[in-house]
Amino acid sequence: IIGGLLFVTMVSLFLFIKKIKPGEAGVRTGFGGIKVKKDWMLRVPILQQLQIMDLSVKKLEVVRKGKDGLICEDNIRADIEVVFYVRVNDEKSEVDGKSDFHDIKTVATQVGCERASEIELLKQLFEAKFSEALKSAGKKMQFEKLYTDRIPFRQEIIDTIGSDLNGYTLEDVAIDYLEQTPLDAHDP
């Protein structure tokens with residue numbers, strides 16, 4: 001009887017344990033509250049639900065051209081394409097004296113695990129903020145300086161965006177295209 005009970009317990013545990021792949025996080029909800037792990041997760045069917053959140057870097061492009069082009073400090077209009085690389089922040093942080101994946105929990109409750117990496121949703125969340133950061137950073141530099149020395153411009157964009165992205169983190173910013181807006185694209 002003890003052997004059979006031990007066998008049933010081992011099989012049950014095997015069925016209830018879920019291995020989490022690298023680049024993902026397991027988010028368990030239900031009985032016992034919300035729990036996040038990045039290696040393996042034990043869940044009890046019916047009482048708990050397990051969802052997988054993608055933590056990989058996603059690419060968002062912001063294009064400002066023509067009449068919507070970037071206006072520099074010297075009032076020269078620039079056409080620009082910038083790529084922002086964002087992901088869910090998977091670093092542990094201290095909250096209420098406990099080390100936890102606070103940002104993953106924030107994204108899971110506000111956005112949902114399945115939707116956390118949808119490009120269209122990320123555009124809705126961040127496009128306005130990123131576009132505003134481009135305008136603010138561009139207005140602080142003259143076009144020639146912006147064109148020839150892009151590193152300070154890139155850093156100004158990152159500084160303007162800041163670190164408060166509701167559970168996401170900005171990994172990198174790349175300026176793909178930068179040219180002066182042609183005169184025929186200006187508003188008369």
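Summary table below
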| quantity | calculated |
| --- | --- |
| Set 38/129; 38/135; 19/92; 67/123 screened for pairs whose C-alpha atoms are more than 26 Å apart | 38/129; 38/135 |
| Neighbour-limited loop hits for chymotrypsin sites (Phe, Trp or Tyr not before Pro), the range 3-77 (at most 13 other Cβ within 10 Å; DSSP other than H, G, I, E, B) | 31 |
| Sites matching GluC sites (Glu not before Pro) across the range 49-150 that sit in DSSP coil, with at most 16 neighbouring C-beta atoms within 10 Å | 73, 91, 114, 118 |
| Whole-Hz couplings from phi, Karplus 6.51/-1.76/1.60, listed for the range 50-60; x for Gly and Pro | 10, 10, 10, 10, 6, 10, 6, 6, 10, 9, 10 |
| The chain: angle of helix 150-161 to the longest principal axis, Cα-based, in degrees nearest 10 | 50 degrees |
| Normalised contact order of the range 74-188, rounded percent, pairs of Cα under 8 Å and 6 or more residues apart | 48 percent |
| Heavy-atom surface of the range 70-120, accessible at 1.4 Å and reported per residue (Å²) | 51 Å² |
| Angle between the chain longest axis and helix 2-16 axis [Cα atoms, degrees, rounded to 10] | 10 degrees |
| Degrees, to the nearest 10: 119-139 long Cα axis against longest axis of the chain | 40 degrees |
| The chain - mean residue ellipticity at 222 nm from DSSP helices (-39,500 (n - 2.57) per run, n ≥ 4, rounded to 500) | -10500 deg cm²/dmol |
| The range 125-188 - percent of accessible surface contributed by carbon and sulfur, probe 1.4 Å | 47 percent |
| Unit charges on C-beta of K, R, D, E only; dipole of the range 35-148, Debye | 80 debye |
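The values are calculated or read from the model by the stated rules, or taken from the named source; none is laboratory data. Since the structure is predicted, the reported quantities are computational estimates derived from the model, not experimental observations. Here Cβ is always computed from backbone atoms with ideal geometry, including for glycine, and neighbour counts include all displayed protein chains. Ligands, DNA and RNA are stripped out before the accessible areas are found, and what is left, the full protein with its side chains, is counted by its heavy atoms. Shrake-Rupley method; radii C 1.70, N 1.55, O 1.52, S 1.80 Å.
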